[in-house]
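Read the structure below first, then the notes.
The values are calculated or read from the model by the stated rules, or taken from the named source; none is laboratory data. The structure displayed is predicted, hence computed values, not measured ones. Please note: Cβ atoms are built from the backbone with ideal geometry, for glycine as well, and neighbour counts cover all protein chains shown. Quick note on the areas: whole protein, heavy atoms, side chains included, nothing else; ligands and nucleic acids left out. Shrake-Rupley method; radii C 1.70, N 1.55, O 1.52, S 1.80 Å.
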Amino acid sequence: MTRERRGLQTRLIHADEELNDSSAISPPIYQTSTYRLSSPEEGARLGAEIAPAKFYTRYGSPNTKQVERVLADLEGAEAALATGSGMAAITVALMSNLQAGDHVVAQRTHYTATITLLAEVLPRYGVEVTQVDQRRPEEFERAIRHNTRVVYTESPTNPTLDVTDLRFAAELAHAHGAIAITDNTFASSYNQQPIALGYDLVVHSATKYLGGHSDVTAGVVAGRRDLVERAWEYLRVYGPVLHPFEAWLLLRGLRTYGLRMREHNRNAMEVARFLEGHPAVERVYYPGLPSHPQHELARRQMPGGFGGMLSFELKGGYDAAYRAIGRTRVCALGVSLGGVETLITHPASMVYAHNSEAELRAAGISPGLVRLSVGLEDVEDIIEDLEQALS
Ligand SMILES: Cc1ncc(COP(=O)(O)O)c(C=O)c1O
């Protein structure tokens with residue numbers, strides 16, 4: 001008897017096989033912007049299709065089809081759409097479901113550009129947004145209005161690692177005729193499966209764990225087929241598509257996703273424990289630690305693990321943080337996350353520089369907060385590096 005569904009690593013390596021029409025094990029890169037059409041009829045047919053594979057590269061390409069197949073499989077989604085960045089995914093997922101007069105319930109803490117989109121861009125197009133404390137389900141409930149169309153979440157949050165009750169948020173949206181969309185970048189699909197928790201759409205910055213090697217900027221929208229097709233229409237109009245080479249790089253990164261995530265989880269847990277026990281550290285934010293106020297909720301909705309992201313505050317506040325991040329040698333000082341290398345960042349000055357002080361305060365990002373994307377180096381070396389930087 002065969003198992004109903006193959007294991008994750010097998011699917012990551014084989015799910016797109018039938019879409020490779022060559023005998024090359026590593027699929028060819030279709031580095032072309034357009035295709036020779038076999039007849040006027042074929043041209044008319046492809047021109048009217050949603051996301052044809054071989055017509056015009058802004059509409060899609062064999063490389064995006066392959067990576068979308070693997071991403072849909074990974075999310076347990078009906079369909080997936082690859083985009084040119086995580087923000088492209090978030091923008092098309094939201095814009096394709098909203099119009100003037102609609103209302104969105106979102107969180108007070110989101111990725112920096114998402115905050116700008118929610119607080120500044122959407123209101124200019126007549127969409128109202130209420131941002132709530134993501135740790136309090138009752139605030140989501142109170143924020144719902146008759147015209148709420150989208151409940152938008154992100155859990156754990158970047159960079160404060162707060163946990164949102166995702167099942168609750170999805171059920172609340174549906175009970176009021178809205179749809180639920182979540183940014184799953186920080187958690188990763190290996191650890192957390194929002195579609196199984198009731199979500200209609202999941203978005204990611206695939207620049208992070210999905211690509212995994214800090215060499216590609218990409219995004220994904222996955223979920224209900226009708227909503228993914230609608231998102232494609234907006235991607236076709238706005239234009240921030242994933243190009244063939246980038247799609248190929250993302251696919252190559254995905255082949256080892258399960259193995260990488262397992263190690264990210266393991267290394268981050270060890271680093272979190274080390275930091276929690278360090279005398280210079282005031283507080284560690286990592287949902288895998290029993291001291292995290294929402295540890296039980298995280299255990300329930302992140303069955304795969306708690307991810308590779310953590311933040312911490314030093315006893316000396318901003319000055320101590322700045323001193324420490326300038327001294328690491330294994331941990332590279334830089335923005336972004338989810339790659340094989342450990343990255344250390346100062347969110348207030350490096351990531352949220354385009355947000356107002358009020359937005360930072362509302363998002364709970366203090367001047368002394370340090371964020372760590374724990375990579376895949378030997379964990380003893382990461383810890384030794386942090387030890388010397390904190391000494
Ligand atoms: C949680 C989260 N969502 C979205 C994005 C945006 O992704 P991209 O930079 O690929 O546009 C980021 C980027 O850091 C992120 O951390």
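Determine the share of region 65-184's accessible area contributed by carbon and sulfur atoms, expressed in whole percent, with a 1.4 angstrom probe.
45
Find the eigenvalues of the gyration tensor of the Cα atoms of region 258-390, then list the square roots of 5 times those eigenvalues as equivalent ellipsoid semi-axes, largest first, in whole angstrom.
Listed largest to smallest, the semi-axes of region 258-390 are 21, 18, 15 Å.
Which FRET efficiency value, to the nearest 0.05, do you get for E357 and R5 by plugging their Cβ-Cβ distance into 1/(1 + (r/R0)^6) with R0 = 56 Å?
0.70
Return the sequence-ordered ³J(HN,Hα) values of region 28-44 in whole Hz as given by the Karplus equation 6.51 cos²θ - 1.76 cosθ + 1.60 applied to θ = phi - 60°, using x for Gly and Pro.
Once rounded to whole Hz, the list reads x, 9, 8, 7, 9, 9, 8, 10, 6, 8, 7, 6, x, 5, 4, x, 5.
Can you give the accessible area per residue of the chain, in Å², using a 1.4 Å probe?
42
Where Lys and Arg each count +1 and Asp and Glu each count -1, what net charge lies around V70 among other residues with Cβ under 9 Å from its Cβ?
Taking every Cβ under 9 Å from that of V70, the sum is 0.
Show me the trypsin sites (Lys or Arg not before Pro) within region 20-76 that DSSP assigns to loop and that have at most 11 other Cβ atoms within 10 Å of their Cβ.
Passing both the DSSP loop test and the Cβ count: R36.
Rank S189, S23 by accessible area, highest first, at a 1.4 Å probe radius?
S23, S189
Return the percentage of antiparallel bridges among DSSP beta bridges fully within region 179-278, rounded to the nearest 5 %.
60
Would you mind counting up the charge near F55? Only other residues with Cβ under 10 Å from its Cβ, with Lys and Arg at +1 and Asp and Glu at -1.
The answer is +1.
For the chain, what is the calculated [θ] at 222 nm in deg cm²/dmol (nearest 500), taking -39500 (n - 2.57) for each run of four or more DSSP H residues and dividing by its residue count?
One gets -10500 deg cm²/dmol as the mean residue ellipticity at 222 nm.
Are there chymotrypsin sites (Phe, Trp or Tyr not before Pro) in region 107-163 that DSSP marks as loop and that have at most 13 other Cβ atoms within 10 Å, and which are they?
Y125
What residue among A358, H264, W248 has its Cα farthest toward the positive end of the dipole of region 232-391, where the charges are +1 on Lys, Arg and -1 on Asp, Glu, each on the Cβ?
Highest projection toward the positive end goes to W248.
How much net charge surrounds R142 when only other residues with a Cβ under 13 Å from its Cβ are counted (Lys, Arg +1; Asp, Glu -1)?
-2
Cross-link partners among lysines for K65, C-alpha distance below 23 Å, same-chain residues fewer than 8 apart left out?
Correct list for K65: K54, K208.
Could you list which residues have their amide H under 5 Å from that of E282, counting only those 5 or more apart in sequence or on another chain, with H placed in the peptide plane?
E313, L314, K315
Radius of gyration and Dmax for the chain's Cα atoms, expressed in Å?
21.0, 72
Select from V203, V150, V379 the residue whose mean-square fluctuation is largest in a Gaussian network model of the chain (Cα-Cα springs shorter than 10 Å).
V379
Accessible area, 1.4 Å probe, largest first: how do E41, E263 sort?
Correct descending sequence by accessible area is E41, E263.
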